[in-house]
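For reference, the structure discussed in these notes is given below.
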Amino acid sequence: MTAGTDEGRLRTEADEPGWEVDPEDEWGVAVIATVGRQLRLRREAVGLRVPEFAKAVGYGEDLVYKIEGGTRIPRREYLDKSDEVLGAGGLISATWEDVKKVRYPKRVRDLAQMEAKAVELLSYGNHNLHGLLQTQEYAWALLRTRRPVTPEDQLEQAVAARMARKAIYDRSPAPELSFVLEETTLRRPVGGKMVWRRQLEHLLKVGKLPNVEIQVMPTDCWDHPGTGGRIQVLKFEDGTAVGRMDDDFNGRPVHDARQVRILELRYGIIRAEALTTRESLAFVEQLVGET
């Protein structure tokens, strides 16, 4: 790849939406402002003006101003190229460790942080597949159904954050993950036939992991406590837990042991009423064969 082509690639990536700083995220604002200020001071220290620096790193001048002003989140490629141009010896590249922590909206980060600490996850879904089970293209198609229409930059950010949560599968020791899916969530062809088929195939792959249990709740089984909406419970190593259900506790997360126990009780009943894991995977395989 030539230098000119590489610069063009970097410039295109820089213009993609979803890298704006959320003004309501105080910590994120502080991190990006600090990184931007460091970049500006280093650039000025070596005597490079913005036009010269922008050309050297292969990005537009406007983007350089935004990043140095703390209003734009720099990509890893930008930081690495800046480190090289400014001769920072890896110090600028190292800021990615802080930048990547604020790359996604605070609400999503909080959820990802809780999932990252959980030793057990219980999830019942009656409307859509859990985010940890979704393929990227399925997530895109699903989020595009929202009304009013979500701006592309927010969509890009939401999908990226959802995919980042899948790091939970790489943890060691692996957490125990249990999902009960309503049959209707598997039959709805979100994104069209091919996206749907690849999503089903992905479920089969994930469902065969030793620490993952996927069960299907048949549509004709209606008298279970999941009719009130989604249920999720996260359990942690210190014995604490947090849970939520759509139509109870105002839909907000609860930490009280008695309330969490209620959600566990409901989930236990749902789990018992659903198909076994073996029956469920066979059911998904059948759906794949029908697509």
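The values are calculated or read from the model by the stated rules, or taken from the named source; none is laboratory data. Being a predicted model, the structure only gives us computed values, none of them experimental. Heads up, the Cβs are rebuilt from the backbone with ideal geometry, glycines too, and the neighbour counts pull from every protein chain shown. Protein only, heavy atoms only, side chains kept; ligands, DNA and RNA dropped before computing areas. Shrake-Rupley method; radii C 1.70, N 1.55, O 1.52, S 1.80 Å.
Annotation: of all residues in the stretch 159-199 being under 19 Å from TYR124 (Cβ atoms) and out of contact with any strand residue (DSSP E or B) (no Cβ under 8 Å at 6 or more places or on another chain), the one that is surrounded by the most Cβ atoms within 10 Å (Cβ to Cβ) is GLN199. Only residues that are over 11 Å from TYR78 (Cβ atoms) and surrounded by 14 or more Cβ atoms within 10 Å (Cβ to Cβ) were counted across the stretch 37-51, and they come to 6.
Residue under question is ALA88, and the condition is that it be farther than 30 Å from GLN199 by Cα, of a type in the set (A, V, I, L, M, F, W, C), at pLDDT 90 or above and in a loop (DSSP other than H, G, I, E, B); does it hold? Yes.
The single condition among (1) open to solvent by less than 60 Å² (accessible area, probe 1.4 Å); (2) outside any loop (DSSP other than H, G, I, E, B) that PRO74 does not meet is (2). One residue alone among GLU97, GLU156, GLU115 is at pLDDT below 90, assigned to a helix (DSSP H, G or I) and open to solvent by less than 30 Å² (accessible area, probe 1.4 Å), and that residue is GLU115. Among strands (runs of 3 or more DSSP E) entirely within the stretch 179-291, having at least 3 residues that are touching a residue at least 24 places away in the same chain (Cβ under 8 Å) and among the β-branched types (Val, Ile, Thr) singles out 212-217.
For the stretch 220-237, the set of residues classified as modelled with pLDDT under 85 and open to solvent by 70 Å² or more (accessible area, probe 1.4 Å) consists of TRP222, ASP223, THR227, listed by residue number.
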